[in-house]
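Here is the structure we will look at.
The values are calculated or read from the model by the stated rules, or taken from the named source; none is laboratory data. In this text, all values refer to a predicted model and were calculated from it rather than measured experimentally. No Cβ is skipped: glycine too gets one built from the backbone with ideal geometry, and neighbour counts run over all protein chains shown. The area values use the complete protein model at the heavy-atom level, side chains included, leaving out ligands, DNA and RNA. Shrake-Rupley method; radii C 1.70, N 1.55, O 1.52, S 1.80 Å.
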Amino acid sequence: MRRERTITVADKPSILFVCVHNAGRSQMAAGFLQHLAGDRVEVRSAGSVPGDRVNPAAVEVMKEAGVDIAEARPKILTPEAVQASDYVITMGCGDACPVFPGKKYLDWALEDPAGQGVAAVRPIRDEIRTRVEALVAEIDAGRRRT
């Protein structure tokens, strides 16, 4: 008889999205992951040089997709945030992200939405959603194997 494994908080994978200003790409990715995976994951985002606020065009296009990131605030990237994460997904932050053994690092080459209007940010949002959906599927598949 197969026993179902109970997932504890410690089993919850932690994902950190990093971009330069933590105002567009990483905020959209974090919003989508929280929306799609809910409490199955711990979601963080940060920037190597955080901006003053989340890009209004990113907020608007995410609202169109049914995800509210209006209350999100850019945060500074710290070694502790990286250390506490299972997945570190970078989006144009270059070498600013510290590397620790045992973490899964992914680099998503995505256009920077900074200074762009809503029409230009929509395709970036859609690409991020596609990548986040694939990430959720990967995480869920990994959980089924354990």
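A single member of ALA70, ALA30, ALA57 is small (Gly, Ala, Ser) and crowded, with 24+ Cβ neighbours inside 10 Å, and it is ALA30. So for region 63-71 (the condition being within 23 Å of ALA137 (Cα to Cα) and either modelled with pLDDT under 90 or touching a Cys at 6+ places or on another chain (Cβ under 8 Å) (or both)), does at least one residue qualify? The answer is no, given that none of the residues of region 63-71 is within 23 Å of ALA137 (Cα to Cα) and either modelled with pLDDT under 90 or touching a Cys at 6+ places or on another chain (Cβ under 8 Å) (or both). Contact map, region 53-64: first residue at negative phi and in a helix (DSSP H, G or I), second residue open to solvent by 80 Å² or more (accessible area, probe 1.4 Å) and modelled with pLDDT of 95 or more, Cβ cut-off under 8 Å, separation 6 or more or different chains; pairs are VAL61/ARG122; MET62/ASP68; GLU64/ARG122.
Residue-by-condition table, conditions (1) among the aliphatic types (A, V, I, L, M); (2) over 16 Å from the mean Cα position of the chain (by Cα):
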{"residue": "SER48", "(1), (2)": "no, no"}
{"residue": "LYS63", "(1), (2)": "no, yes"}
{"residue": "MET91", "(1), (2)": "yes, no"}
{"residue": "VAL121", "(1), (2)": "yes, yes"}
{"residue": "ARG125", "(1), (2)": "no, no"}
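The condition (being at pLDDT below 95, surrounded by fewer than 23 Cβ atoms within 10 Å (Cβ to Cβ) and β-branched (Val, Ile, Thr)) is satisfied by just one residue among VAL49, VAL43: VAL49. Scanning region 121-146 for residues that are open to solvent by less than 50 Å² (accessible area, probe 1.4 Å) and closer than 13 Å to ALA58 by Cβ returns VAL121, ILE124, ARG125, ILE128.
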